[in-house]
Amino acid sequence: MTAPSPAPATTDTLLSVRDLTVEFGTKGQTPFRAVDGVSFDVRPGQTVGLVGESGCGKSVTSLAIMGLLPKRGNKVAGSATFDGTDLLTLDDREMRDRRGRDVAMIFQDPLSSLNPVVSIGVQVAEVLQRHRGMKKSAAMAESRDLLDKVGIPDPSRRLKEYPHQLSGGMRQRALIAMALACKPRLLIADEPTTALDVTIQAQILNLLKELVVDSGTALIMITHDLGVVAGLCDEVNVLYGGRIVETAPRHELFASPRHPYTNGLLGSIPRLDGARNEQLAAIPGSVADNIPWTSGCAFAPRCSRAIDVCRAETPSLEQDSVAIEDHLLRCHNPWPTGGEA
Amino acid sequence: MLRFIVRRLLQAVLVLFIVSLLLFTWLRKLPGGPIDAILGERATPETRAALRKTLGLDQSIPVQYLHFLNNAIHGNFGTSTQVQTGTDALDLFFQRLPATVELSVLALILAVITAIPLGYFAAKRHGGFLDTGSVVLSLVGVAVPVFFLGFVLKYFFSIEWHMLPPAGRQNPDLDATRITNFYVLDGLLTREYDAAWDALKHLILPAITLASVPFAVIFRITRASVLEVLNEDYVRTAESKGLSERIIRGRHVLHNALLPVVTTIGLQVGALLTGAVLTETVFGYPGLGDALAQAFRQRDYAVLQVLILAAALGYILVNLLVDVAYAIIDPRIRTR
Amino acid sequence: MSPMQRKKDRIDALAATAGTAGDIPDAGHVSESGGLSLIGSAWLRLRRNPVFLVGATITALFVLLAIFAPLIAPHSGTANPLIGQVTTNHPIPNPQSGYPLGGDNQGRDLLSRLILGSRQTLIVGVLATLAGLAGGLVLGTLAGSFGGRVDTVVMRIVDVMLSLPSLLLALAVATLFGQPSQWTLIIAISVVQIPIFARLLRGSMLSQRSSDHVLAARALGVKRGPITFRHMLPNSLGPVLVQATLVLAVSIIEAASLSFLGLGNPDDSSPEWGQMLGRAQDLFDIAPHIAFWPAGCIVVVAFGFTLMGESLREALDPRNRR
């Protein structure tokens, strides 16, 4: 690692991820690094975004923190300190006690993420029975209130229904109810709106904002959609090829995106104030085109600003010299302040 | 749900009707025809003609079929000529039924309680030693002819080591009281525990033999199904909720993975009867399979008619039950 | 596998990757076999799959043995040089020099009969499978190509055949013939396989009826016959052929079961393993080895065919493409 680690975690950090590295691969083959030295902090009540295309390592990062990676075929290094305990060193039983109680997670596809043969009520209640030691009847009553809180109409009836009887939006609401059942201090949302209709997406984001952000639960928002980030996150980490390429507070990032990849992500969002015949910029190529970080900048093959040094030297994550606030950047040839526009 | 059962029952009636047609045609096409079948080849022309008349064989074919159907519905299939000479074929069926049910149920229980846990753990440790070993075992299990397995078990456990009885259902010297003709159950009901134990000892080797094929099939379906379910998103959700391994295994993995297994178990009923024919012959076990093998060998057509119809009926009923059970454990069907 | 062979495989795999990786511009990651045809990529995986290699080796050895049996067998299958040693108290001649497995109860050389038996076993298995396949093809093609009412009728018939236990059906068919022979055996076994093949074929043809290439052909005005035989049938054959491999194993075992129940070929001048095993039952208690040898052969060969069929099934399953 050439990049200096960010300052050690302060006392008011809830989760501090340091040099998280995840390698996949079976014996004999060269392992594939899905996550490569990722570090970031989450303070209580803060919302942090992990942004990038599919395959950039954002989901693997969250699964590693939750201890949900497959037991075999991968190697996890680094640390993820939650409230003074490194989650990565916990054994299976200790991690099981924390999941769903201290740290919870919601997933992308609400239909496949719900057990089709178990009623919604039982799927919510089982978390309460497990972590709060509640009896079945009490847990069901509490589940009813939870469904009500996440905005599911007629919760007493829905309690007895099965996932296939609910609409997409309602399923995601039910998953949120399960995740929030034990009032966790950290919620990880992995693309929670991607599989939903556009109108429902906004409702779910509002619900998250209302229930999570306003109640003081910290949130890690994993998304490829900078629009989601703009409405929700305090701090944004942009990932590419398993490494963080740019980190900044939300307003700083949107005001002066410096990394060409961040700019590319921003450029591919349609803007209402843009000229009518302005073309949407697309980032050429895909994650598959990247080169290993060990031989230069992984984004160089797709980068319009790539210069010779980009292909020769691996850039490190450093404080942006021209920025006033905390703004980390991994780029040899960033856009001038103010970005493209 | 009720409509579903009614529709399935109507389908069952249709299948039974076709079976009866086939059976009727089959009986007519047999070498020698039904007269030889009933009287044997050495009957005099006079008795033949008399029987031809009683059987209505001088009438047109549709009338003959209706006659046949009428007899079948009234359980009138004639008397056994060979297997148990002079016994009414239907009576013989009911005499022998408990023996085969006892054997099949024990074999199915053996197969299910070994195959499902083994399938689950093999899938859980996919590619590991247990997985590879049990897959090879199940493939060998299918490759070994059932009757040969029976002979090998009998040779070692009965003849060489004298651990278990080689044949029969119960030691006749015990003179056990009969209530239901399920010998193990009878022994328990009458508190003749030595009789129950003896009946059970007679069942062990045949049951293991009969369980071999269903074991292999159920194991492989369970393993494949668990492998698929373990990759489902909802199992990851369950893990993310921190649920105990016991709840995840039961409520989230097995409940879903066993749905196809239930159907498979229903389909095994036919395989069980096939296996029973071979197993009962090897162990001289007086059940339906043994009767069937004898009836075929000695051409006892009255007995064959009953057994063929009963086999089709049994298969249809069991699969109907399985469909209902399936609807109960799968809410996607129940609430449709 | 030798190191040399392993190296060759790696080179082949690399060559395949090099030729195709560039053709897939927007894939999330570069897959080793991406861009190859289903059969091509299946073959790549098969040749490195030990399960397939074991199964294919057993099958190949068995077929070779069957073809060259008369050249390999040390003695004739019908001559009875050991007949002098067959007595009422000792009906099975012991293994001795020149006769490593001993003789059978008619004084014939057991080893030679085992070797010669491979041929008849293969013939019974192959013919029974082919006959079952042919019947299944007719029924399945009818149902799958016409659909609608034809489909309903055909499938009800198939339901009836499936509602009878396989052995019962085989016995019923075998009884229709006056005298059991090799042919009644083959027909009885094949009848049991018909519904299985028919179902498989119909399922895969029905799923193709609504597929894009069949719809396109129909939109272009291609008639039912050509659509069935040029488009739907060839694309449905993969799973059917895999099933045939498995059925071959079942047929060999079934032949043994029918012989055991007394419905086998009564003429034992050209031996068959199932027949040898079925007949050894009466002498099992005194001379189990004359049952063990043919049984062992059946188990090994059935195991080989099953291994091959299962690994083929896995390799041809599009879901397993990576």
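Any read-out appearing in this document is the output of simple, stated calculations on the displayed coordinates, not a laboratory observation. The structure displayed is predicted, hence computed values, not measured ones. Cβ: placed from backbone, ideal geometry, glycine included. Neighbour counts: every protein chain shown.
Of note:
- Relative contact order (percent, whole number), the stretch B:89-334, Cα cutoff 8 Å, 6+ residue spacing: 27 percent
- Estimated inter-spin distance, B:LEU39 and A:LYS71, nm [label 7 Å along Cα→Cβ]: 7.4 nm
- Packing-based exposure ordering (other Cβ within 10 Å, fewest first) of C:TRP43, C:TRP273: C:TRP43, C:TRP273
- Flagged links, alpha-carbon separation over 23 Å, of A:LYS183/B:LYS124; A:LYS160/A:LYS209; B:LYS154/B:LYS201; A:LYS71/A:LYS136; B:LYS124/B:LYS201: A:LYS183/B:LYS124; A:LYS160/A:LYS209; A:LYS71/A:LYS136; B:LYS124/B:LYS201
- With 5 Å bins beginning at zero, the pair-distance distribution over Cα atoms of the stretch B:106-154 amounts to 5, 18, 20, 25, 17, 10, 4 %.
- The label-point distance for B:GLN59 and C:LEU71, in a model that sets each label 7 Å from Cα toward Cβ, rounds to 6.7 nm.
- Mean Cα-pair separation over length for chain A, i.e. relative contact order, pairs under 8 Å, 6 or more apart, %: 19 percent
- DSSP-defined beta bridges in the protein assembly as shown - what % are antiparallel, rounded to 5: 60 percent
- If you take the alpha carbon atoms of chain C and fit the smallest convex hull around them, that volume is 178 Å³ per residue.
- In whole angstrom, chain A maps to an equivalent ellipsoid with semi-axes of 36, 23, 18, each derived as √(5λ) from the alpha carbon gyration tensor and ordered largest first.
- Residues B:TYR193 and C:ALA134, FRET efficiency given R0 of 41 Å [Cβ-Cβ distance, rounded to 0.05]: 0.10
- The fraction of all Cα pairs in the protein assembly as shown landing in successive 10 Å bins from 0 to the largest distance is 2, 9, 15, 18, 17, 14, 11, 7, 4, 2, 0, 0, given as whole percents.
- Quotient of C-alpha Rg and 2.2 N^0.38 Å, computed over the stretch C:180-322: 1.42
- Alpha-carbon Rg/Rh ratio, for the stretch B:249-326, with Rh computed the Kirkwood way: 1.15
- By the count of neighbouring beta-carbon atoms within 10 Å, fewest first, A:ILE244, B:ILE116 end up ordered B:ILE116, A:ILE244.
- Listed by chain and number, the lysines whose alpha-carbon sits under 20 Å from that of B:LYS29, ignoring those within fewer than 8 places in the same chain, are B:LYS53.
- Between A:ALA282 and A:GLU94, the FRET efficiency from the beta-carbon distance, with R0 = 41 Å, is close to 0.35.
- Considering only B:PHE121, B:PHE148, B:VAL105, and ranking their Cα positions along the charge dipole of the stretch B:105-198 that arises from unit charges at the beta-carbon of Lys, Arg, Asp and Glu, the one farthest toward the positive end is B:PHE121.
- Residues whose placed amide H lies under 5 Å from that of A:LEU50, excluding near-sequence neighbours: A:MET221, A:ILE222, A:THR223, A:ASN237
- Of the beta bridges in chain A, as assigned by DSSP with both residues counted there, near 60 percent are antiparallel.
- Extension gain, A:PHE254-A:ASP154: 0.36 nm per intervening residue step, less the Cα-Cα distance, totals 31.9 nm.
- Rg [Å, one decimal], Dmax [Å, integer] - chain B, C-alpha atoms: 23.8, 84
- Whichever aspartates and glutamates have a C-alpha closer than 12 Å to that of C:LYS223, once near sequence neighbours (fewer than 8 apart) are set aside: none
- Mean-position separation - Cα centroids, the stretch A:154-232 and the stretch C:134-194, in angstrom: 55 Å
- Between helix B:193-230 and chain B: long-axis angle, C-alpha atoms, 0 to 90°, nearest 10: 60 degrees
- In straight-distance terms, cross-link reach from A:LYS58 covers every one of the aspartates and glutamates whose alpha-carbon lies under 13 Å from its own, apart from those fewer than eight places away in the same chain; here that gives A:ASP36, A:ASP190, A:GLU191, A:ASP225.
- Based on every Cα atom in the stretch A:181-251, Rg and the maximum pairwise Cα distance Dmax equal 12.6, 35 Å.
- Distance between the 7 Å Cα→Cβ label points at C:ALA217 and B:ALA325: 4.2 nm.
- Residue order for A:SER113, B:SER134, fewest other beta carbons within 10 angstrom first, comes to B:SER134, A:SER113.
- Residue-count net charge about A:GLN129 - beta-carbon cut-off 9 Å; Lys, Arg +1, Asp, Glu -1: +3
- Cα centre as origin, Lys/Arg/Asp/Glu Cβ charges: the protein assembly as shown dipole, Debye: 1580 debye
- At R0 = 30 Å, FRET efficiency that the Cβ-Cβ distance of A:GLN319 and A:THR30 yields, to 0.05: 0.35
- Protection proxy ranking, peptides C:74-87, C:211-224, average beta carbon neighbours within 10 Å, highest first: C:74-87, C:211-224
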